[in-house]
Amino acid sequence: MENSEKKWQKYWEENHVYKYDEASNEEIYSVDTPPPTMSGKMHIGHASSYTHEDVIVRFERMKGKNIIFPFGTDNNGLATERFIEKEKGVSSQRMERTAFIDLCNRTLAETRPAFIQSWKDIGMSADFDLNYSTIDKESQKVSQKYFLDLLKKGLAYKKEAPILWCPLCGTAVAQAELEDKNIPSTFYDIDFDLKDGGKITIATTRPELLSSCSAIFVNNEDERYKHLISKKVITPIFNDEVTIIADEKVDKEKGTGIVMCCTFGDTTDIEWYLGHNLELKTSIDKFGKMTALAGEFSGLKIKEAREKIVQKLKEENRITKETSIEHLVNVHERCGTEIEILSTSQWFIKILENKEKFIERGREINWTPKHAIHRYENWINNLKWDWCISRQRFFGIPFPVWYCEKCGQIMTPDEKDLPIDPISSKPKNKCSCGSDSFIPEKDVMDTWATSSLTPQILENLIHKKITPLNVRAQAHDIISTWLFYTVVRGEYINNSIPWKEALISGFVLDPKGEKMSKSKGNIVEPKDVIEKYGADCLRYWATNTGWGKDIKYDENELKNGKKLITKITNACNFASSNLKKEAPQELYILDKYFFIKLNKVIKEVNDLYTKREISQAKTIIEKFFWGNFCDNYLELSKSRIYGEDGEDKDSAKYTLYKSILSIIKMFAPIIPFTTEEIYQNYFFEKEGVKSIHLTKFPEFNEKLIDEDIERKGDLMIKYLEEIRKMKSEKGLSQKTEIESFKITEDLGAFEKDLKATGNIKSIVKE
RNA sequence: GGGCGUAUAGCUCAGUUGGUUAGAGCGUCACGUUGACAUCGUGAAGGCCUCCUGUUCGAGUCAGGAUACGCCCACCA
């Protein structure tokens, strides 16, 4: 099958079957396709999720729409840097910035074609000429343009503030890049001296932050400590004088009920720092080492400092208790390093003040499945930070910004000059203060700041305003990033939703229902599946589930797909010498009946595809094809096909032609290769359309409804089944001739077919 | 702790707006074909639809609750 699939893939490409037609007047159907991150190979989750998307697009194409289905890759930011570092065995931090960027660009150019090929291999019907990379010049232009737009609208700002920081990557990160990790730790009870004599005991897991202790907190209603409020405390080792403050956020039950606030250990520290106007004391630097503030511990890594400080506290007999615990901490999703909070200067996009608006917009979008919106709203409701988009990294889109050295004024380029790199260029004019020396912004934008603009990147590609697009398809894991951020940008650019419909797929799990991971060794490669079964089988399996639901990898379903494909191929080959496009004078009664059934299925399948119920549509077509068409219709029409030429035989030939064409058309969105093969072999010449995927989806025909014929036909099938059952129960061959068969209701013209197929000598009416 | 999802045959899952004996595929068993079908067909066995309470003439389906599993978020002193 693979060879044949390759052949059609090539055919589609050479004949521009999926090309967006600028000249067409048909209704546009535009798709915001996920640009996959180029950090390695396509995984089975991609294969599944993109198949779901592709099925819908193929259906819409067959409904006559003018499809805009681009394909991009996301390749800047940390994920890409890590990929390049691994691939090339280099360290970005030890390389010259420009050399590293150059290496990234070269490596991406090398790997990109093979990467994209995987998407072609699964039969994706994207217009691969509508192609972008989130780091290419055009994307840079779009990204910088809309950054400047945000700046102008006052929606982007730079601010020194406590921000989530990854000490390993040496960069700020966004809330959405955090992950939970269970980490063993120790709770230390430490004695602090009160200035006026006496002591208190606080519990902490992070004694290394002692030098940044800015205050001590107790709960306002804690009777044990009420008398201590406003008293002064001397910190151990560092001998800083700090105040005991009351705050309701202190949990009386936790530890000793007394907390030291360090700037910063966690998000509560930030709230206290801001709310109580505390002093900022920074004890950890950008690379996770102790600052000068930590005195004798400066220069040590966080963990080393913790050990040393604990040792010293023990020497001073200040540690009264140690409790081993395991607690969840936030780590950076890219490297697993524990996140710190540092006060640094970063670029932000305002999002907190417009939470309500984003929720409203979310409600304007048509979600499949409906419940996916809860995850969206839940995320927004729990947002705590504005969106930090600056990264202290190398491979990303630069901020188009300089600062006046004299007055600090922000300088920006003209839109027509974009994209620019502020490091290698200068503002055209002097600053309003008269100075002409500028400092370039060295930070780069996070990749989401660009991938959130995929609708605008697409508009830029086709030079046409098409937002809001028709559909966004993606998996549920990036609702809080890609989906949410795209809504944010859409709102800020157009005051509208970015797309009308959001299709959310689930994850692929291993056969046991567990997540696939390298460490478990249970990863399934789409490439292997395609080699063994073909892309159509992969798609058959992938469409076996509903939207938003996780799907297990199931070899059995792939085999079923294979069986279906064999069956279709066989049935079509069998019928191939008996296909006739021209209608006979009068349709044979059985054919009329079969068309009535087919017509019903067409309506049903059409409705299901429209409702995005792919797996149900698939089940209905399959059942109809296997049961009604193969087991019944083909068997019933064999006597005419094998018989002599004539009107009745022509009627059968015509019915075969029309019905097979309809059936493969209905299957086409799901198994595009097999159906194309059949179409090209038996229908292309007569139909003239260059690909089945450009033909029109079968249409429901109201005129075909005929209840009398349908009822009698159904009855005839029922009798036929009774005969089969009877023969089966008696252990007889289905070919055994039976003398007579009793029927209770009139079958009209169908009697003949029942006799022929059931091998009945005479039918007796009662 | 907050939000969401799932629970149906041995396995994987369908069950649309509540309506007679709850479906499919795989697996099992029996039989038949090998004259489209590296097979295919016919049939059989197999289900307290997780549990409880309600609404209703009627609940797998609706409402409330419980349990189990999974996911997202919060909890990091």
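Applying the selection to the range A:77-96, what residues are of a type outside the set (Asp, Glu) and either touching a Lys or Arg at 6+ places or on another chain (Cβ under 9 Å) or without any contact (Cβ under 8 Å) to a residue 40 or more places away in the chain (or both)?
First, the residues of the range A:77-96 that are of a type outside the set (Asp, Glu): A:77-80, A:82-84, A:86, A:88-95.
Correct list: A:Gly77, A:Leu78, A:Ala79, A:Arg82, A:Lys86, A:Lys88, A:Gly89, A:Val90, A:Ser91, A:Ser92, A:Arg94, A:Met95.
Scanning the range A:121-172 for residues that are among the basic types (Lys, Arg), surrounded by fewer than 17 Cβ atoms within 10 Å (Cβ to Cβ) and part of a strand (DSSP E or B) yields a total of 1. Tell me, yes or no, whether the range A:653-666 has at least one residue that is in contact with a Ser or Thr (Cβ under 9 Å, 6 or more places away or on another chain), surrounded by fewer than 18 Cβ atoms within 10 Å (Cβ to Cβ) and within 26 Å of A:Lys563 (Cβ to Cβ). Looking for residues that are in contact with a Ser or Thr (Cβ under 9 Å, 6 or more places away or on another chain), surrounded by fewer than 18 Cβ atoms within 10 Å (Cβ to Cβ) and within 26 Å of A:Lys563 (Cβ to Cβ), one finds none in the range A:653-666, hence no.
Within the range A:667-693, take every residue that is hydroxyl-bearing (Ser, Thr, Tyr) and closer than 22 Å to A:Asn578 by Cβ and give me the one that is surrounded by the most Cβ atoms within 10 Å (Cβ to Cβ).
My answer is A:Thr674.
The set of residues in the range A:173-219 being more than 21 Å from A:Glu296 (Cα to Cα) and part of a helix (DSSP H, G or I) consists of A:Gln175, A:Ala176, A:Glu177. Looking only at the range A:399-440, residues that are in a loop (DSSP other than H, G, I, E, B) and more than 22 Å from A:Ala79 (Cα to Cα) come to 29 in all.
As a summary of the residue check, A:Arg612 satisfies the conditions (1) assigned to a helix (DSSP H, G or I); (2) more than 7 Å from RNA strand B (Cβ to nearest atom); (3) under 30 Å from A:Glu501 (Cα atoms); (4) within 32 Å of the chain's Cα centre (by Cα) except for the one numbered (1).
Residues checked against (1) more than 6 Å from RNA strand B (Cβ to nearest atom); (2) assigned to a helix (DSSP H, G or I); (3) over 30 Å from A:Lys370 (Cα atoms):
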| residue | (1), (2), (3) |
| --- | --- |
| A:Gly548 | yes, no, no |
| A:Glu557 | yes, yes, no |
| A:Gly561 | yes, yes, no |
| A:Ile565 | yes, yes, yes |
| A:Ala571 | no, yes, yes |
| A:Lys580 | yes, no, yes |
| A:Pro584 | yes, no, yes |
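Restricting attention to the range A:317-350, the residues that are among the small types (Gly, Ala, Ser) and either in contact with a Phe, Trp or Tyr (Cβ under 8 Å, 6 or more places away or on another chain) or farther than 27 Å from A:Leu78 by Cα (or both) total 2.
Return the only residue of A:Thr267, A:Thr263, A:Thr235, A:Thr256 being near RNA strand B (Cβ under 10 Å from one of its atoms), open to solvent by less than 30 Å² (accessible area, probe 1.4 Å) and not hydrophobic (A, V, I, L, M, F, W, C).
Answer to the selection: A:Thr256.
Just one of the listed residues (A:Asp74, A:Asp32, A:Asp21) is touching a strand residue (DSSP E or B) at 6+ places or on another chain (Cβ under 6 Å), closer than 25 Å to A:Pro468 by Cα, touching a residue at least 40 places away in the same chain (Cβ under 8 Å) and surrounded by fewer than 22 Cβ atoms within 10 Å (Cβ to Cβ), namely A:Asp21.
Give the residue that is farthest from the chain's Cα centre (by Cα), with candidates limited to residues of the range A:489-507 that are under 19 Å from A:Leu352 (Cα atoms) and of a type in the set (A, V, I, L, M, F, W, C). Out of the qualifying residues, it is A:Ile493.
The values are calculated or read from the model by the stated rules, or taken from the named source; none is laboratory data. Small disclaimer: the values here were computed from a predicted structure and weren't measured. Every residue, glycine among them, receives a Cβ derived from its backbone with ideal geometry; neighbour counts consider all protein chains shown. Side chains included, ligands, DNA and RNA excluded: accessible areas come from the protein's heavy atoms. Shrake-Rupley method; radii C 1.70, N 1.55, O 1.52, S 1.80 Å.
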